[in-house]
Amino acid sequence: MKAITVRIDDTGLDALLKRVKVAQEAGFDKFDLCISNPQSSFGRIVVALSAYNVGLAALRLKEQRHDALVFRKPGYSKLAASDATLAQRSAEMVIETATQLAPLRAQFLVLDGGFVAVPGLQEKQAILDEVLDCDEDDDTCKLVRRDHVAIDESLAEQQLVALCRGLHRVRKELPGVTVCLLNPDSPFGLLQPDRMKHVLDDLPEIGYWHSTSSAALLRKQGGPKEADWLERFGKRLKGVYLADMLGGQGEQPPGLGQVKFEDIAPELAKGTVRVMVVDDDKGTKLRFGSEYLAKVGIF
């Protein structure tokens, strides 16, 4: 199944429907709906998307980076918060949003594990982002990561327990929806490979959802090879977000950057949901990315 991401953002419902129309004109009839924060108008969104005959392949709940780094308020990426009340409220937000959007019949709910709450997280992440934006070479990025990233494993373990508890509750409250976990794009992301394995082993009903650009960004910062994710978690793979990395920027149109999509194609099972991620209201990048993915055998 091929699909494309559309986002609900501050530009409102009209902008969302414009993106849907552009995608449909380009041949897409399945969508991945990405939401960054709770809305008061989910009812209107359901009605509008239904009128456009939008079929949802997946619902993705992921906070914007600046919100996900702040552990003072609940959010879609805070199920692993060490504060029990914050983690509980975050799980409730996920359940409430998915329930309100249930009429759109998304088969998959895609979540991420958020960040490890290390001291000075915002400042440390900003330094990593600055290195990536400057397009430093891989050796420099690895040096920054080695000298800069220090994770308290006892804290990470505590957050993993909270995440598993929250995911168990989400699954219980949303029967019929397969919950999937997304790989991180930062060394501070909680779900590094060993921790991802811990959660998937603990919750066998949870699936894995791969992001090509996140894997590439993490690799540039000294993380595992992109292929390692699919080799390790391929049996649990339900879907993949197809986006490129250009310099230090992720979620670029496929075929314009450094991700080797031709190497990924053989790793995808026939039933894997293939979602192109392109931020494009006019359709030029959308068509380019779609044609490129067809050329390399993914679409």
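Quick note: the coordinates plus some simple rules give every number you see, no bench work behind them. For clarity, every value in this text was computed on a predicted model and none was experimentally measured. So basically every Cβ, Gly included, is an ideal-geometry build from the backbone, and we count neighbours across all protein chains shown.
Summary table below
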read-out: Under the Karplus curve 6.51 cos²θ - 1.76 cosθ + 1.60, θ = phi - 60°, whole-Hz ³J(HN,Hα) for the range 93-98, x wherever Gly or Pro sits; value: 4, 4, 5, 4, 5, 4
read-out: Mean separation of Cα contacts under 8 Å (6+ apart) over length of the chain, as relative contact order %; value: 18 percent
read-out: Principal axis dimensions, the range 2-295 - Cα atoms, whole angstrom, descending; value: 51, 41, 36
read-out: Pairwise FRET efficiency - Gln64 versus Ile127, Cβ, R0 = 22 Å, nearest 0.05; value: 0.70
read-out: Per-residue Cβ neighbour rank within 10 angstrom, fewest leading, Trp209, Trp229; value: Trp229, Trp209
read-out: Loop chymotrypsin sites (Phe, Trp or Tyr not before Pro), the range 1-52 (other Cβ atoms within 10 Å of the site Cβ: 16 or fewer; DSSP); value: Tyr52
read-out: Amide H within-cut-off set for Leu203, under 5 Å, with H built and near neighbours excluded; value: none
read-out: Residue of Pro74, Pro175, Pro253 that the Gaussian network model of the chain assigns the largest fluctuation, springs spanning Cα pairs under 10 Å; value: Pro175
read-out: Neighbour-count order for Ser213, Ser40, fewest beta carbons within 10 angstrom listed first; value: Ser40, Ser213
read-out: Sequence-distant lysines (8 or more away, or on other chains) whose Cα lies within less than 23 Å of Lys78; value: Lys62, Lys124, Lys172, Lys197, Lys238
read-out: Charge sum, other residues only, whose C-beta stays under 14 Å from Leu104's C-beta, Lys/Arg counted +1 and Asp/Glu -1; value: +2
read-out: For the chain, share of DSSP beta bridges that run antiparallel, in % to the nearest 5; value: 10 percent
read-out: Förster-model FRET efficiency, 22 Å R0, Ala84 and Glu205, C-beta, rounded to 0.05; value: 0.40
read-out: Residues whose placed amide H lies under 5 Å from that of Arg60, excluding near-sequence neighbours; value: Leu33, Cys34, Ile35, Val110
read-out: Backbone N under 13 Å from the His148 label point (7 Å along Cα→Cβ), restricted to the range 103-124; value: 121-124
read-out: Segment Asn37-Glu96, length gained on full extension (0.36 nm per residue, minus Cα span); value: 20.1 nm
read-out: Charge sum, other residues only, whose C-beta stays under 11 Å from Lys30's C-beta, Lys/Arg counted +1 and Asp/Glu -1; value: 0
read-out: Residue-averaged 222 nm ellipticity for the chain, from DSSP H runs of 4+ at -39500 (n - 2.57), nearest 500; value: -13500 deg cm²/dmol
read-out: Cα-centre dipole for the range 2-295 with unit charges at Cβ (Lys and Arg positive, Asp and Glu negative), debye to 20; value: 1140 debye
read-out: Under 5 Å, built H, 5+ apart or other chain: amide partners of Met276; value: Ala3, Ile4, Thr5, Leu242
read-out: Residue exposure sequence - Ile206, Ile35 - by fewest surrounding Cβ within 10 Å; value: Ile35, Ile206
read-out: Lys, Arg +1 and Asp, Glu -1 on Cβ, resulting dipole of the range 186-261 about Cα centre, debye, nearest 20; value: 140 debye
read-out: Added length on full extension, which subtracts the Cα-Cα distance from 0.36 nm per residue, Gln24 to Lys260; value: 82.3 nm
